[in-house]
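**Q** Pasting a structure below so you can have a look.
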Amino acid sequence: MNLSKFFIDRPIFAGVLSLLILVAGLLSLRVLPVSEYPEVVPPQVVVHAAYPGASPAVIAETVAAPIEEAVNGVENMLYMSSQATADGQMTLTVTFKLGTNADLAQQMVQNRVSQAEARLPADVRALGITTQKSQSSLPLVVHITSPNGRYDVTYLRNYALLHIKDRLQAIKGVGPIQMFGGGDYAMRVWLDPQKVAERGMSPSDVADAIRSENVQAAAGTIGGSPGLPGVALTLSVNAQGRLSSEEDFRNIIVKTGADGAVTRLGDIARVEMGASDYALRSLLDNQNAVGIPIFETAGANSLQLSKEVHETMETLKKAMPEGVSYTIAYDTSEYVHELIELGHPYPAGSHHPRRDRGHFVPPDLARLDHSAARRARLGHRYLRGDAPFRLHHQRPHPVRSRSGHRDRGR
């Protein structure tokens, strides 16, 4: 039997069947879980490296270029883009074809990056190179602030690094987390060029001296096996390891002259505790803040991710010291919740949700007269099932949450 000829000979039946399919699709749209939605965003893998003190041009030549050459041509790759910033950070984003397994893509990129590590500067290898799967979308941003100005931005950043970042990173669906504003605590050494030159030294000589003194070494034991006869005790030797105070760094011997004269770091430099970087500054409501943008991984549920971030921050808030607080000023899940509550099947951008009055009028109805728009709105409310249909409805009622289980799943 020719199926096409059957429907051509019966146009009314074909039209009714098409309408039934359309209605079934519209009804299913309201109850279809998010986990059943198709993937529409290509998976991405982000490679992050740091080269403190280097300019963007140096980072592009010595860090970004070798990694790009190694990663280029990886299986199913669409394109890649890199960014080198003034604070010594390099970020390479590799975008893959739609449908590519994100975990497999991350592993392939990691293998390529490992091949390029031997060509990278020693400082970059020492700090490590991270490879994570991520998405370009930014669901929310957490800001750590000091409302009363009690703490500076360096303290806020390090508090976030020690007590907040790891907790947020452990949430399912969270991609790479970076922090903007301030820098990590670091011992700053400000060299006096004239004094360094008078002693016949260079900045690299000073850096080598600091590096050789500031080490964590194992001092060994006394009386360990196999020991001498008669030794009854075994003692562990504890030696001073990494330096921790400004005075310790000032006393580092950077040069010893032929006559026995000793040059210490404090003789040629100003040593103070400060931040590792001062290039970036983050503000919220014109106050110093530390921004923590949270990216999501491929396949993550934005609504669930936002919910868990809010819950985690509320838990962490209880342990925050007085004078430290947090604000989530940017959260795209609020917009998604509006769409779910409205139950509007139109694509994003074709409607105007109005939170204050609990209804919306599509753009094409804005050109109609008031009575026609009102009838359309009432008809939509009846189909939505938010309120019983009564002709004397003159004022819209607030929309009740009827999210059902659309936010379940992925």
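Derivation of every value follows stated rules applied to the coordinates shown; laboratory data play no part. Predicted, not measured: the structure shown is a model, and the values here were computed from it. Here the Cβ is made from the backbone with ideal geometry for all residues, glycine too, and neighbour counts use every protein chain on show.
**Q** Only residues of segment 254-282 count here: report those whose backbone N is under 14 Å from the spot 7 Å along Cα→Cβ of residue 195, or say none.
**A** What the label zone holds, given the 14 Å backbone N cut-off, is 254-255, 262-272.
**Q** I've got another one for you. Could you sort 288-298, 22-32, 322-332 so that the peptide with the highest average Cβ count within 10 Å comes first and the rest follow in order?
**A** Result, highest mean first: 288-298, 322-332, 22-32.
**Q** Please go through the residue pairs 133/172; 97/172; 172/318; 133/165; 165/317 and name each one whose alpha carbons sit more than 20 Å apart in this structure. Don't jump to the answer; show the numbers that get you there.
**A** Numbers: 133/172 13 Å; 97/172 23 Å; 172/318 22 Å; 133/165 17 Å; 165/317 13 Å.
From the list (133/172; 97/172; 172/318; 133/165; 165/317), the Cα-Cα distance tops 20 Å for 97/172; 172/318.
**Q** Could you calculate the FRET efficiency of residue 338 with residue 215 from 1/(1 + (r/R0)^6), where r is the beta carbon distance between them and R0 is 51 Å, rounded to 0.05?
**A** With a Förster radius of 51 Å, E is 0.35.
**Q** Multiply the residue gap between residue 180 and residue 10 by 0.36 nm, knock off their C-alpha separation, and tell me the result in nm, one decimal place.
**A** Gain in length upon complete extension: 54.6 nm.
**Q** Can you give me the distance in nm between label points at residue 315 and residue 119, each placed 7 Å from the Cα along the Cα-to-Cβ direction?
**A** 4.4
**Q** Need the list of lysines near residue 195 for cross-linking: C-alpha distance under 16 angstrom, and skip anything on the same chain fewer than eight residues off.
**A** 255
**Q** Can I ask one more? To one decimal place, what Kirkwood hydrodynamic radius in Å is obtained for segment 87-210 from all pairs of distinct Cα atoms? Don't skip to the answer; put the middle values down first.
**A** Working: mean 1/r = 0.0536 Å⁻¹.
After inverting the mean inverse Cα-Cα distance, the result is 18.7 Å.
**Q** Give me the number: length gained by fully extending residue 93 to residue 60, i.e. 0.36 nm times residue separation minus the C-alpha to C-alpha distance, one decimal in nm. Don't skip to the answer; put the middle values down first.
**A** On the way: separation 33, 0.36 × 33 = 11.88 nm, distance 1.41 nm.
Separation in residues times 0.36 nm, less the Cα-Cα distance, equals 10.5 nm.
**Q** Among 41, 144, 66, flag the residue with its Cα farthest along the positive direction of the charge dipole of segment 7-145, charges on Cβ as +1 for Lys/Arg and -1 for Asp/Glu.
**A** 41
**Q** Return the whole-Å distance between the Cα centroid of segment 11-73 and the Cα centroid of segment 93-125.
**A** 19
**Q** Cβ neighbours within 10 Å, averaged per peptide: list 151-159, 192-200 in order, most packed at the top.
**A** Highest to lowest by the protection proxy: 151-159, 192-200.
**Q** Please report, in debye to the nearest 20, how large the charge dipole of segment 111-238 is about its Cα centre when each Lys and Arg carries +1 at its beta carbon and each Asp and Glu carries -1 there.
**A** Working: 13 positive and 10 negative charges, 120 e Å.
Taking the Cα centre of segment 111-238 as origin, the dipole is about 580 debye.
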